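The structure appears right after this line, and notes come after that.
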Amino acid sequence: MDRRAIRDAWDDVAEAYARNRDPDGADSALVGDLLDELPADPVVLDVGCGDGERTLARLPTGSIGLDFSRRGLELASQRVPHGRLLQGEMTAMPVADDAVDAITAYHAVFHVPREDQPAVYREFARVLRPGGQLLMTLPGGRFETVRRGWMGGSMFFSAPGRKRSLQQLRDAGFTDLRTVTTDDPLGSSTEFVFATLP
């Protein structure tokens, strides 16, 4: 799927995805762990925020939600009125250099073609302040596929494998990588990674 098709696919499934995600699932507690590591009144960027209830709603007032899907952002504007919302791609985010203290990216990066994922991690490093923190879903397998019937639509998934993803984060400048596995809101176990930008 090309970028436009992926965006259209997200617009098509945004409401079904919001309905099917438990906003209080076990992986939501990781946001609290992240916030414990941040300075007072941090600015956090939630990449792939969707409807906002999963992560953006748990972040401090003034946090930023970024999503590719216009429909997802419309839902977020209703559900998280204190969030600042931006439409854009992860490979070229409309965010200034050194603008945020932390990034969350739940179930987001593996919807970008795997050859473009290093650019995503470089963008994360660009917008984070020194000492900034990243919390993201870590795709475990190596795959590139379109799943038909996913949330009533079709969705693109792509990952280069766990080891390669971790190396790409290191190549982008991240250190102190720490992984944790927890249940996700769609009923399976998912690995997340915490990382620091020195």
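Would you confirm whether or not segment 50-67 contains a residue that is at pLDDT 75 or above, β-branched (V, I, T) and in a loop (DSSP other than H, G, I, E, B)?
Yes - at least one qualifying residue is present in segment 50-67.
Consider A29 against the criteria (1) farther than 26 Å from P160 by Cβ; (2) surrounded by fewer than 21 Cβ atoms within 10 Å (Cβ to Cβ); (3) modelled with pLDDT of 90 or more: it satisfies all of them except one. Which criterion is unmet?
(3)
Given (1) outside any helix (DSSP H, G or I); (2) touching a residue at least 24 places away in the same chain (Cβ under 8 Å), where does R148 come up short, assuming only one miss?
Of everything listed in (1) outside any helix (DSSP H, G or I); (2) touching a residue at least 24 places away in the same chain (Cβ under 8 Å), R148 misses just condition (2).
Can you pull out the residues in segment 74-102 that are under 26 Å from A26 (Cβ atoms) and of a type in the set (A, V, I, L, M)?
L75, A76, V80, M90, V100, A102
Confirm whether A76 is under 26 Å from Q133 (Cβ atoms), surrounded by 22 or more Cβ atoms within 10 Å (Cβ to Cβ), of a type in the set (A, V, I, L, M) and modelled with pLDDT of 90 or more.
The answer is yes for A76.
One line per residue, one yes/no per condition, for (1) of a type in the set (G, A, S); (2) more than 17 Å from the chain's Cα centre (by Cα):
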residue	(1), (2)
L135	no, no
R142	no, yes
G149	yes, yes
R162	no, no
T182	no, no
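So A96 ticks every box in (1) crowded, with 19+ Cβ neighbours inside 10 Å; (2) part of a loop (DSSP other than H, G, I, E, B) but one. Which box is left unticked?
That leaves (1) as the condition not met.
Being free of Cβ contacts under 8 Å to residues at least 60 places away in the same chain and crowded, with 20+ Cβ neighbours inside 10 Å narrows it down to one residue among L197, L138, L177, L134; which is it?
Details: L197 fails: free of Cβ contacts under 8 Å to residues at least 60 places away in the same chain; L177 fails: crowded, with 20+ Cβ neighbours inside 10 Å; L134 fails: free of Cβ contacts under 8 Å to residues at least 60 places away in the same chain.
Unique residue meeting the criteria: L138.
Considering only segment 99-115, how many residues are outside any loop (DSSP other than H, G, I, E, B) and either under 14 Å from the mean Cα position of the chain (by Cα) or surrounded by fewer than 15 Cβ atoms within 10 Å (Cβ to Cβ) (or both)?
Initial filter on segment 99-115 (outside any loop (DSSP other than H, G, I, E, B)): 100-105, 109-111, 114-115.
Next cut, either under 14 Å from the mean Cα position of the chain (by Cα) or surrounded by fewer than 15 Cβ atoms within 10 Å (Cβ to Cβ) (or both) only: 102-105, 109-111, 115.
Final tally of qualifying residues: 8.
If you check every pair at least six apart or on different chains, which have Cβ atoms under 6 Å apart with a residue in segment 100-118 that is closer than 17 Å to D36 by Cα first and a residue that is basic (K, R) second?
D101/R129
Of the numbered conditions (1) out of contact with any Gly (no Cβ under 9 Å at 6 or more places or on another chain); (2) not in a strand (DSSP E or B), R178 fails exactly one; give the number of that condition.
(2)
Taking the options E74, E123, name whichever one is charged (D, E, K, R), over 15 Å from the mean Cα position of the chain (by Cα) and closer than 25 Å to V146 by Cβ.
None of the others qualify; the one that does is E74.
If you check F156, F124, F143, which single one turns out to be aromatic (F, W, Y), modelled with pLDDT under 95 and surrounded by 16 or more Cβ atoms within 10 Å (Cβ to Cβ)?
F156
The values are calculated or read from the model by the stated rules, or taken from the named source; none is laboratory data. The model shown is predicted, which means the values in this text are computed figures rather than measured ones. Positions of Cβ are backbone-derived with ideal geometry, glycine not excepted, and every protein chain shown enters the neighbour counts.
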